[in-house]
Amino acid sequence: MIKSPKIVVAGASGYIGKAIIPRLLEKFPDAEITALSRSQQNSDDPRITWKACDLFSLKSIELAIPEHVDLVFYLVHSMGPTAQLDQGSFADYDLILADNFSKALKTKGIQQLIYLGGLIPQSKELSLHLQSRLEVEQVFTEHQLPTTVFRAGLILGDSGSSFQILLKLVDRLPLMVCPSWTQTLTTPVDLTTVLSALTSAALEEKHFNKVYDLAGCKPLTYLEMMKETAKKKGKKRFFFSVPFFTPTLSRLWVSLITNTPKNLAYPLIESLRHPMVAREAYMFSKENLSISYFELLDKASMKTHPRGSLFRFQAQRKTVRSIQRLPLPQGKNAEWVKNQYIHWLPRFLAPLVKVNTDGTKVIFSIILDKLVLLELDLAERRSNSDRQLLYINKGLLVASKNQGRLEFRTVLNGKYILAAIHDFRPALPWFIYKYTQAKLHLIVMNNFRKYLLKSE
């Protein structure tokens, strides 16, 4: 085992990230840890270097991580806001983040990447939340990174998003109508067990390229969890089971009762229709299987937090991020899609918009080319057949303080292409932009998706 490993923790300011760093320093007292977060943090420990890093930017990641890295923890999920206007699903955001991170790591000589995802049920149809967790695993495999995957269900702790929802339901509802999905089995786990497993596997070769499930106690239903939680908190609660109220219908009232943001509550509730039980053959440790959930609660803080406290990052005002997942015709790549988009768009918007190319520049204009709406510039050194990057430089639709970029990139071994706009600042007044140009962009991308489907 390396005595003085260089470690990178992505998502270091999050719930698990903040807790894992002290554990790593206990195991590796001479480690050098680079802690990545979306905003700048500080540490008095000289072994920890905090760096603000935008994981949506491949360049930002390349600049933030050291030239050589031994061990990486990927603790990133994107259910929070990333811009004032987010257009796209968290699953597509997670996909592009993992792909960016993987590309940046390929030349760093890493020995191990440890990823904490979610329990994956044995089902052909997964919720978007669980499918996203699985896709992140697939990205690391696609890039041939030596990955150790840990899968966990609901993690008990005062900053665990799912546990916060459960606590607030118990606190706020003396009488609870319980839909059929509350009878679904799950295996919760406590924070201590998660941290112990992640730390124990760090730089241990026998754990490389393995997938593990984590369990904190015996499996039980969500209804049993709520009853036991109420009992532990000393609250008298009445529960009535009903054979209706699907997760899709339930997500609204759960969000309202717990005051949880929809972009967090909805995906989590949608996943509850699946039994999420740790598989005994894949467990990292079976020592907790004799423990009851009631006993497990003794290890957990049951303090509830106000709305928004789990999302501490404040997106910059008047910024836009838009990511759409598109089908990639067989045998085609990002360069082909970019060229198709440039030739297809003026036909779709005809006769209003004209597109001209001038070397690496792509110019969108109206009225006999006199009014330039957008000018894009291909970043040749940052582009290849599987990723085309264009900077949004200027135009009537672009604010003066703009760092926007458009990219097309293939993901999941060429199964899809992601069309993404990052950090765009519109020139139009925000209210007008939101209900005109932003809506038009979604219409354009939806029709471009249909065009690509016809090209297959």
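The largest-to-smallest principal axis extents of the Cα set in region 320-455 are 39, 31, 28 Å.
Amide H contacts for R405 (H built 1.01 Å from N in the peptide plane; partners 5 or more residues away or on another chain; cut-off under 5 Å): I392, H422, F424. Here is the P(r) of region 41-101: all C-alpha pair distances, binned every 5 Å from 0, give 3, 14, 22, 26, 17, 10, 6, 2 in whole percents. Rounded to the nearest 500, the 222 nm mean residue ellipticity of the chain from helices alone is -10000 deg cm²/dmol, with -39,500 (n - 2.57) taken per DSSP H run of at least 4 residues.
Annotation note: GluC sites (Glu not before Pro) in region 168-273 located in DSSP loop regions with a Cβ neighbour count of at most 15 within 10 Å are E204. For I65, the shell of other residues with beta-carbons less than 12 Å away shows a net charge of +2, using +1 for Lys and Arg and -1 for Asp and Glu.
From most to least packed by mean Cβ count within 10 Å, the peptides 448-455, 410-417, 132-139, 96-103 give 96-103, 132-139, 410-417, 448-455. Computing Rg and the Kirkwood Rh from the Cα coordinates of region 179-236 gives a ratio, Rg/Rh, of 1.14.
Among K218/K286; K59/K439; K318/K361; K210/K286; K168/K236; K18/K206, which pairs are too far apart, with a Cα-Cα distance over 18 Å?
K59/K439; K318/K361; K18/K206
Starting from a Cα-only point model with no solvent, please compute log10 I(q)/I(0) by Debye for the chain at q = 0.13 1/Å. Each listed q corresponds, in turn, to -1.24.
Taken together, the values in this text are just the output of simple stated rules run on the coordinates, not laboratory data. Nothing here was measured: the structure is a model prediction, and the numbers come from that model. Note that we place each Cβ from the backbone using ideal geometry, even for glycine, and neighbour counts take in every protein chain shown.
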